[in-house]
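Here, each number is a calculation from the coordinates, and none is a lab measurement. All values derive from a computational prediction rather than experimental measurement. Heads up, the Cβs are rebuilt from the backbone with ideal geometry, glycines too, and the neighbour counts pull from every protein chain shown.
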Ligand SMILES: N[C@@H](CCC(=O)N[C@@H](CS)C(=O)NCC(=O)O)C(=O)O
């Protein structure tokens, strides 16, 4: 069976799936898209018009990164991304939820900055989520090697994808744009020392190194 992953070079959502598949030793082919452009294939496979989408050549497309992480766990359990202990597994899923919430807020903030008239209230609300989520994850990371348990897994993947998304935002000049609404905003590398240490510890892991985000050019009007 061939698995094709519809992905995007900057997508933190697709990156989680790519890291998990590499860690699990699952062969797959990457097909990069710009899901925001009119010619994207994403609506053909996902009614929500979003990637990542995993397409088995003998089955229905599977989409939504959180669901995909579960799907991979059920389909390829040999190398699990979750701790065996149920309490630790639930904590790992909670870390995933927090990191994903930060990324969702980053996406909203990115598009808000593209608008002709930016809502200060909306922007500050999303920035609070980013700061709150990062502070929580920094506290959880502490001096740990892995976010949860004693081996690399879902929680680490989610945090690494989130940190990559923060780097993408910084490259897209979002920090000065956000500072106009919240002067305390600064690059994550200056505010969250535990996450800095955590990221440095994992950055050369092959699955992490091979999936680093790269921004694409957006040529169509989105908002
Ligand atoms: N909750 C979704 C979010 C996926 C998502 O936002 N993907 C972006 C690319 S990074 C996308 O396809 N956006 C197009 C759109 O939202 O219309 C997931 O976890 O898969």
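Arranged from highest to lowest average of other beta-carbon atoms within 10 Å per residue, in what order do the peptides 106-115, 204-213 appear? All intermediate terms of the calculation are to be shown ahead of the outcome.
On the way: 106-115: 16.9, 204-213: 15.2.
The densest-packed peptide leads the list: 106-115, 204-213.
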Hey, how many Å between the Cα centroid of region 25-49 and the Cα centroid of region 167-223? 23 Å
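In deg cm²/dmol and to the nearest 500, what is the mean residue ellipticity at 222 nm of the chain if only DSSP H runs of at least 4 residues count, each as -39500 (n - 2.57), divided by the residue total?
Helix-only estimate at 222 nm: -16500 deg cm²/dmol.
With N set to the number of residues, divide the alpha-carbon radius of gyration of region 124-223 by 2.2 N^0.38 Å and report two decimals. Mind showing how you got there, number by number?
Numbers: Rg = 14.6 Å, N = 100, 2.2 N^0.38 = 12.7 Å.
Its radius of gyration relative to the 2.2 N^0.38 Å reference: 1.16.
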Tail beyond 21 Å, pair distance distribution of region 82-158 (Cα, percent): 37 percent
Suppose each label sits 7 Å from its Cα in the direction of the beta carbon; what would the residue 119-residue 182 distance come out to in nanometres? 1.6 nm
Computed Rg/Rh of the chain, alpha carbon atoms with Kirkwood Rh: 0.96
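Set the Förster radius R0 to 45 Å, insert the Cβ-Cβ distance between residue 143 and residue 107 as r into 1/(1 + (r/R0)^6), and round the FRET efficiency to 0.05.
Numbers: r = 31 Å, r/R0 = 0.68.
My answer for the efficiency is 0.90.
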Two pseudo-spin positions, 7 Å from Cα along C-beta at residue 223 and at residue 74, lie apart in nanometres by 3.4 nm
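Residue 201 to residue 85: FRET efficiency via 1/(1 + (r/R0)^6), r the Cβ-Cβ distance, R0 30 Å, to the nearest 0.05? Could you put the intermediate results ahead of the total?
Details: r = 22 Å, r/R0 = 0.75.
E between residue 201 and residue 85, to the nearest 0.05, is 0.85.
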